[in-house]
Amino acid sequence: MTDLGAALLDLEARNRACTACRLRAGCLQVVVSDGPVNAEVVIVGEAPGGGEDLEGHPFVGPGGQLLDRILGSVGLSREACYITNVVKCRPPANRDPQPDEIDTCTTLWLGAQLGLLRPKVILTLGNTATQTLLQTRQGITKLRGQWFPFVQALPGGHKHTAWLMPMLHPAYLLRVDTRAPGGPKSLTWRDIQEVAAVLRGEHQPVTHPPDTSQPRLL
């Protein structure tokens, strides 16, 4: 095992033992991640739901199956991606995570995961993941389908830059089940094709700077 693999396993083990916020008391287990240490793509959702809390893996059930089909439609496999959430414990009744819960879990765990993985591409699914990583209050419908630079400070004064693409959350696609041109599924198909083209090296992303006029979340 590489040093990086060992460091990630240690981080994930410590994450599973976390009791740093109120969410841990109300869930069955901490749902950390799925995926390899050398993944080019990191997928970040909002929080575990009921199925994830039971099984201990992110994006299972109908939403996870749809995510698998979205990835597979352009030749990406779930097993090649590192999949996680902003918060690792299921919020009560699947409510939205609160700002202090997001702050705690991002500071302790998500930031450290990304700092070890240093992926080429980050896909943020839905509002919470997108707003957290881009530090904006703009909504997913305005941001989806665009490339943004995600710059992370690393130990030793180094930095890592990834390309970040916001996408609609699979749970939203299940609720708004239409294949009409310009609808959510049509837009998602367009977005995942762009992601695949960049991963294949067909072109470089045209990135947009984060909107600094927006109030910062964290």
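The values are calculated or read from the model by the stated rules, or taken from the named source; none is laboratory data. Quantities reported herein were computed from a predicted structural model and do not represent experimental measurements. Here the Cβ is made from the backbone with ideal geometry for all residues, glycine too, and neighbour counts use every protein chain on show. Calculation scope for accessible area: heavy atoms of the full protein, side chains included, ligands and nucleic acids excluded. Shrake-Rupley method; radii C 1.70, N 1.55, O 1.52, S 1.80 Å.
Structural remarks
- Shape call, segment 64-191: gyration tensor on alpha carbons, a/c limit 1.5: prolate
- Solvent-accessible area assigned to carbon and sulfur over segment 56-134 amounts to 54 percent, based on a 1.4 Å probe.
- Taking a point 7 Å from the Cα of H158 along the Cα-to-Cβ direction, the residues of segment 1-26 with backbone N closer than 20 Å to it are 1-12.
- Hits among lysines - C-alpha to C-alpha of K159 under 23 Å, sequence gap 8 or more where chains match: K120
- Accessible surface, 1.4 Å probe, highest first, among residues D103, D34, D96: D96, D103, D34
- Computing Rg/Rh (Cα atoms, Kirkwood Rh) for the structure here picks out one of (i) 1.36; (ii) 1.09; (iii) 0.93, namely (iii).
- Summarising the label geometry, the points placed 7 Å from Cα in the beta-carbon direction at Q146 and R95 lie 3.2 nm from one another.
- Largest GNM mean-square fluctuation across Q146, Q29, Q98, computed for the chain with C-alpha springs under 10 Å, falls on Q98.
- Accessible area per residue in Å² at 1.4 Å probe, computed on segment 1-148: 42 Å²
- In the chain, Cα pairs under 8 Å separated by at least six residues give a relative contact order of 21 percent.
- When +1 charges are put on Lys and Arg Cβ atoms and -1 charges on Asp and Glu Cβ atoms, the dipole computed for segment 55-209 relative to its Cα centre reaches about 240 debye.
- Size descriptors for segment 98-159 (Cα atoms only): Rg and Dmax, in that order, 12.3, 37 Å.
- Approximate spin-label separation D177-W189, in nm, with each point projected 7 Å along Cα-to-Cβ: 1.7 nm
- Choice from Q152, Q204, Q113 showing the highest fluctuation, given a GNM over the chain with Cα pairs closer than 10 Å: Q204
- Under 12 Å from K142, Cα to Cα: aspartates and glutamates that are on another chain or at least 8 residues apart: D211
- Estimated purely from DSSP H runs of n ≥ 4, each contributing -39500 (n - 2.57), the mean residue ellipticity at 222 nm for the chain is -10500 deg cm²/dmol once divided by its residues.
- Positive contributions from Lys and Arg (+1) and negative ones from Asp and Glu (-1), summed over other residues with Cβ under 15 Å from the Cβ of L168, come out at +3.
- P(r), alpha carbons of segment 47-138 - 10 Å bins starting at zero, rounded %: 15, 47, 35, 4
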